[in-house]
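Asker: Have a look at this one.
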Amino acid sequence: MKKQIIITNSAEETRALGAQLTQTFKGGHVVLLEGDLGAGKTHFAQGAAHELGIRKHITSPTFTIMNLYAVPAAQKKITGVARLAHIDLYRIKTLEEAYAIGVMDYIGEPSTLTLIEWPKKIQNALPKDCACVTVTIKVTSKTLRTFAIKPE
């Protein structure tokens, strides 16, 4: 994957982008979702989950910090991903907190696709060999979003 700039004009388009990019991800990949509150990070995660065959309602784990979703067996055979870890570090104050609640256990785990909202709080602790993709979302109008997608 090379660096890309993509513009979406609705929540539906943002979810579709999440689904489209998920087709390129494998187990062990870590997607670092950067953007202000309301930028569309969770809409992106909803699209990713749908692409993996997860039919549960996906919400931001702002208060739970981390939501784990099992990928259906049929989809796991196609993608190699058995679990989606959706992590929101907005309320985490220190790296030690992230370790204490088990966030770091899913980073790079071979059967897990990990999506992290507010990743800067743990970025220095990511493994050097992390298969990371940074997705930076800029709000340019009420519905318009610009996505900068950059593999690390």
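Asker: Examine the stretch 52-68 for a residue that is at negative phi, of a type outside the set (Lys, Arg) and in a helix (DSSP H, G or I), and state whether such a residue exists.
Answerer: Scanning the stretch 52-68, I find no residue that is at negative phi, of a type outside the set (Lys, Arg) and in a helix (DSSP H, G or I), so the answer is no.
Asker: If you don't mind, there's one more thing I want to ask. Looking at (1) in contact with a Pro (Cβ under 9 Å, 6 or more places away or on another chain); (2) in a helix (DSSP H, G or I); (3) of a type outside the set (A, V, I, L, M, F, W, C), which one does Gln75 not meet, given that it meets all the others?
Answerer: Going through (1) in contact with a Pro (Cβ under 9 Å, 6 or more places away or on another chain); (2) in a helix (DSSP H, G or I); (3) of a type outside the set (A, V, I, L, M, F, W, C) one by one, Gln75 breaks only (1).
Asker: Hey, any hits in the stretch 83-105 for a residue that's of a type in the set (Val, Ile, Thr) and under 18 Å from Arg15 (Cβ atoms)?
Answerer: Checked against the condition, which is being of a type in the set (Val, Ile, Thr) and under 18 Å from Arg15 (Cβ atoms), the stretch 83-105 yields no hits at all.
Asker: Go through the stretch 93-108 and count every residue that is at positive phi and touching a residue at least 40 places away in the same chain (Cβ under 8 Å).
Answerer: Count: 1.
Asker: With the structure loaded, tell me whether Val103 is under 17 Å from Ala45 (Cβ atoms), modelled with pLDDT of 95 or more and surrounded by 13 or more Cβ atoms within 10 Å (Cβ to Cβ) or whether it fails that test.
Answerer: Spelling it out, it is not the case that Val103 is under 17 Å from Ala45 (Cβ atoms), modelled with pLDDT of 95 or more and surrounded by 13 or more Cβ atoms within 10 Å (Cβ to Cβ).
Asker: Here's a follow-up. Restricting to the stretch 1-20, what's the tally of residues that are in contact with a strand residue (DSSP E or B) (Cβ under 7 Å, 6 or more places away or on another chain) and modelled with pLDDT under 95?
Answerer: 3
Conditions tested, residue by residue: (1) surrounded by 14 or more Cβ atoms within 10 Å (Cβ to Cβ); (2) farther than 25 Å from Thr140 by Cβ.
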residue	(1), (2)
Ile5	no, no
Glu13	yes, no
Thr22	yes, no
Lys41	yes, no
Ile58	yes, no
Gln75	yes, yes
Ile78	no, yes
Val81	yes, yes
Thr112	yes, yes
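The values are calculated or read from the model by the stated rules, or taken from the named source; none is laboratory data. This is a predicted model, so every value here is computed, not measured. Virtual Cβ from ideal backbone geometry, glycine too; neighbours counted across all protein chains shown.
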